[in-house]
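Down below is the structure, laid out as structure tokens.
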Amino acid sequence: MEFYLGLLQILGVHTLLGLSAYVVLLTGQVSMAQAGFYAVGAYVAAMCTAMFGIHILPAVIIASVSTGILAMIVGFPALRVRGLMLVVATLAFGEMVRMFFFNFRWQIERDGKLIGPNGAEGFRAIRFFPENGWETGDVALFIWCIVVIVLGLLWWVDNTRAGAVLRAVGHDEVAAQSVGLNLTTIKVAAMALGGAIAGIGGGLYAHTVTHIEHGVFGILLATFAIAYPILGGLGSVFGTLLAVIFIQGFLVEGLRFIGDWRSLLFGALILLVMNLRPTGLLGERMSPLKTLFSRKSPVVTNAKETQ
Amino acid sequence: MLEIRDLRTSYGKIAALKGVALDIKDGGLTCLLGPNGAGKTTLIWTLAAILKAQSGSIRMDGEELIGAKPHQIVSKGIVTVPENRLVFPEMSVTDNLFAGAFSRRADKIAVAQDLEEVLQRFPRLRERANQDAGTLSGGEQQMLAVARALMARPKILLLDEPSTGLAPIIVEEIFEIIGALRDEGRTIFLVEQNANMALEYADDFYLLEQGLVTFGGKPGDVDHDELIQRAYLGTRKAS
């Protein structure tokens, strides 16, 4: 049971990581920076609880706000480049973040022990959950409450005009501009929202493992982050959720019994899925703009009748 | 009226517009002809602010537009129908039309009325209202692109090569639509390679060659054949 609850925790934080990439991907931007924001979120939230004794909830919110702002700052210069160049630029940012934490030392004494990030050694004893008597199940429930809130919020955004706007930019930037969309604002907003979500994920992650270090937040994690929405498809947020369950639950955990062959099968299965469903597990459909403009427009009803 | 003076735009070191000057008069169809690579699309994109002008001025009724952002240009009523149509392929026809009204999204009632009007003008779009725009034929997509631009209530409509890649019979249909829009007193700036068709409908025309306007006048002003030759092939000497 403990194992499954632990798995549930992993699925939760990875869903948040995947959703953060999903938002940015809607605008057509492939960002490899999400693991970087996730790392910042992890360190900030961990410092809040372990070093300053703040409760986990405000700590995660602080982490989320700071990564959101950071993502916005990164967004302005990074979104001037496109496609592969953006991948390289965001990848570079992610590595910068990793190297920063590799060198980052800031420890304070608490209860007679030194606590805080300690460079390459990492950040140990992020023990908010055990100190406050939270069981694995409580933690899993807490994480999934947050995941459900974020999922619900994103699903709602996706089905409003905001979602359509993000997708319009993702489809064709020139067309989007020619109907009067402000590209910079939209892309930076998506980046900030994605950053904020990654921060929440990272903050929760740090507390589930109690020990974080720079190595975890490398290119592999960045690849996972972007792989979830690509594999899941941009149809809706549930595609990302499905992909996380498929990759983390089935491929990573479920196939442990086949040992070293797992990595091989892992790659093969992803290839197979992408071949069978090129637009992802839940493929794309556009969110209905019309519902916002006129929920009961006679014009639209007419149009439906003639169909 | 849109006054363009000494407009320069370049891609890196390559100058595409080398000081373009022309007027787009209110309530008429101004046409810009020119061979491939003359800078026609560059001019449209510069007017739409999708490309940044290096120098020069674009004035709309005296107000300088250089430095404005693309969405501000749309709000001012200069709306582009981009080349190759560029509809949102995975949105329905109706949603594409709503997207066109993005700059006036607050005014829901007027937007709904305009939608009805546009669907009346383009019955073919009404038939396909709930279909994805990507499933439309080329001609229908072009109609949708024009209709989408109309949803923004443009003061000036910029059309970038609406005839590209369409069958001659469809091109005629598209031009009839453009002619009808002109007859309603709308201000249209049409960039075309199809000189024959364009001159049939234009009130004024300009010839753009190698980034410069080399001729401007009314369709009757000049020998038709020579003009068409230059519009397609260009010349070395500027007249």
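Being of a type outside the set (A, V, I, L, M), assigned to a helix (DSSP H, G or I) and more than 30 Å from B:Met60 (Cα to Cα) is the filter here; which residues of region B:133-177 pass it?
Hits for region B:133-177 are B:Gly134, B:Thr135, B:Gly138, B:Gly139, B:Glu140, B:Pro168, B:Glu172, B:Glu173.
Among the residues in region B:68-85, are any more than 15 Å from the chain's Cα centre (by Cα) and among the aliphatic types (A, V, I, L, M)?
Looking for residues that are more than 15 Å from the chain's Cα centre (by Cα) and among the aliphatic types (A, V, I, L, M), one finds at least one in region B:68-85, hence yes.
Table: residues versus (1) within 12 Å of the chain's Cα centre (by Cα); (2) at pLDDT 95 or above; (3) farther than 30 Å from A:Gln107 by Cβ.
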site: A:Phe3; (1), (2), (3): no, no, yes
site: A:Leu16; (1), (2), (3): yes, yes, no
site: A:Leu26; (1), (2), (3): no, no, yes
site: A:Met32; (1), (2), (3): yes, no, yes
site: A:Val44; (1), (2), (3): no, yes, no
site: A:Leu70; (1), (2), (3): no, yes, no
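Does any residue in region B:13-38 that is in a loop (DSSP other than H, G, I, E, B) come within less than 7 Å, Cβ to Cβ, of a residue that is hydrophobic (A, V, I, L, M, F, W, C) six or more places away or on a different chain, and which pairs are these?
The qualifying pairs are B:Lys25/B:Met1; B:Asp26/B:Met1; B:Gly34/B:Leu207; B:Gly34/B:Leu208; B:Gly34/B:Ala231; B:Pro35/B:Ala231; B:Pro35/B:Leu233; B:Ala38/B:Leu208.
Please determine, by comparing only the residues of region B:117-130 that are facing chain A (nearest Cβ under 8 Å) and either buried (at least 16 other Cβ atoms within 10 Å of the Cβ) or modelled with pLDDT of 95 or more (or both), which one is nearest to the chain's Cα centre (by Cα).
B:Leu119
B:Leu207 - would you say it is aliphatic (A, V, I, L, M), in a helix (DSSP H, G or I) and under 30 Å from B:Asp6 (Cβ atoms)?
Working: aliphatic (A, V, I, L, M): yes; in a helix (DSSP H, G or I): no; under 30 Å from B:Asp6 (Cβ atoms): yes.
In short, no.
Hey, does region B:63-70 have a residue that's at pLDDT below 95 and facing chain A (nearest Cβ under 9 Å)?
Among the residues of region B:63-70, at least one is at pLDDT below 95 and facing chain A (nearest Cβ under 9 Å), which makes the answer yes.
Looking at this structure, is A:Ala175 among the aliphatic types (A, V, I, L, M), in a helix (DSSP H, G or I) and within 30 Å of A:Phe102 (Cα to Cα)? So that I can check it myself, show each step before the final result.
Details: among the aliphatic types (A, V, I, L, M): yes; in a helix (DSSP H, G or I): yes; within 30 Å of A:Phe102 (Cα to Cα): no.
No.
Residues are listed down the side, and each one gets a yes or a no for (1) within 14 Å of chain A (Cβ to nearest Cβ); (2) out of contact with any Ser or Thr (no Cβ under 9 Å at 6 or more places or on another chain); (3) surrounded by fewer than 17 Cβ atoms within 10 Å (Cβ to Cβ):
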{"residue": "B:Gly134", "(1), (2), (3)": "yes, yes, yes"}
{"residue": "B:Glu140", "(1), (2), (3)": "no, yes, no"}
{"residue": "B:Ala149", "(1), (2), (3)": "yes, no, no"}
{"residue": "B:Ile169", "(1), (2), (3)": "no, yes, yes"}
{"residue": "B:Asn194", "(1), (2), (3)": "no, no, no"}
{"residue": "B:Asp203", "(1), (2), (3)": "no, no, yes"}
{"residue": "B:Gly211", "(1), (2), (3)": "no, no, no"}
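I'm told A:Gly235 meets every condition in (1) in contact (Cβ under 8 Å) with a residue 12 or more places away in the chain; (2) part of a loop (DSSP other than H, G, I, E, B); (3) surrounded by 20 or more Cβ atoms within 10 Å (Cβ to Cβ) except one. Can you identify the failing condition by its number?
Failing condition for A:Gly235: (3).
Go through region A:18-64 and give me each residue that's farther than 23 Å from A:Ile219 by Cβ and hydroxyl-bearing (Ser, Thr, Tyr).
A:Thr49, A:Ser64
Looking at region A:152-162, can you tell me whether even one residue there is among the basic types (Lys, Arg) and either surrounded by 17 or more Cβ atoms within 10 Å (Cβ to Cβ) or within 30 Å of B:Leu97 (Cα to Cα) (or both)?
yes
The values are calculated or read from the model by the stated rules, or taken from the named source; none is laboratory data. The model shown is predicted, which means the values in this text are computed figures rather than measured ones. Methodologically, a virtual Cβ is constructed for each residue, glycine included, from the backbone with ideal geometry; neighbour enumeration extends over all protein chains shown.
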